[in-house]
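Some notes on the structure that comes next.
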Amino acid sequence: MLLDEDGDWEPGPALDEDETGSAPGPATAGPGRGEQEAPKPVYTDLETWLRKHLSQVIRRRFGGSLTWCSQWYRHAEAVSRLNAMWQEWEKAVAEGTMSNWWLYHCDPQLAVLMSKDSGPFMACKPGEHRALEPLPLADSDPALWLGSAFSDPAPDPATGSSAAGAATAPSSG
């Protein structure tokens, strides 16, 4: 992630066409080869899709529980969510599943993005960008990552402490 001098997120270098991660659509047979090719995306990049499509379709009155930041590109979470929306939109266009896109992608993502109480733009107003601090993170105990993922270390019945803590605890005496 790139941060500018104010601590705001800034986009990195432009991605090559192969790196955009466009969601593949249904494949069509290539002429005479039997290979399948994904259809070309409707929009070549996120900003073009946002300017030419989403911002023209989505119209909201801000205030109350809704907000937006015109400098959306300075919010890493917003860029990630909008990029996911665009990729799924391209896939929905190719597959003819636009209703699913609205229901399972657009509506939930916009609810988070535009939430004045908890979204990435919560400190902003439609014409004013304000950066939020990144999530605070303390250093973790490296022994926690030695066990299987998504499970708490089992407590040692003899000591009552976790196995991970016992592995790194200094010996007494």
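Descriptive notes on the structure:
- Segment residue 40-residue 57, extension gain: residue separation times 0.36 nm, minus the distance between their alpha carbons: 3.9 nm
- For residue 125, the residues 5 or more places off, or on other chains, whose built amide H falls under 5 Å of its own are 130.
- Estimated vicinal HN-Hα couplings, Hz - region 115-126 in sequence order (Karplus 6.51, -1.76, 1.60; Gly, Pro = x): 5, 5, 8, 9, x, x, 9, 4, 8, 9, 10, x
All of the numbers you see were taken from the coordinates with simple rules; none came from a lab. Worth saying up front: this structure is predicted, and the values here are computed from it rather than measured.
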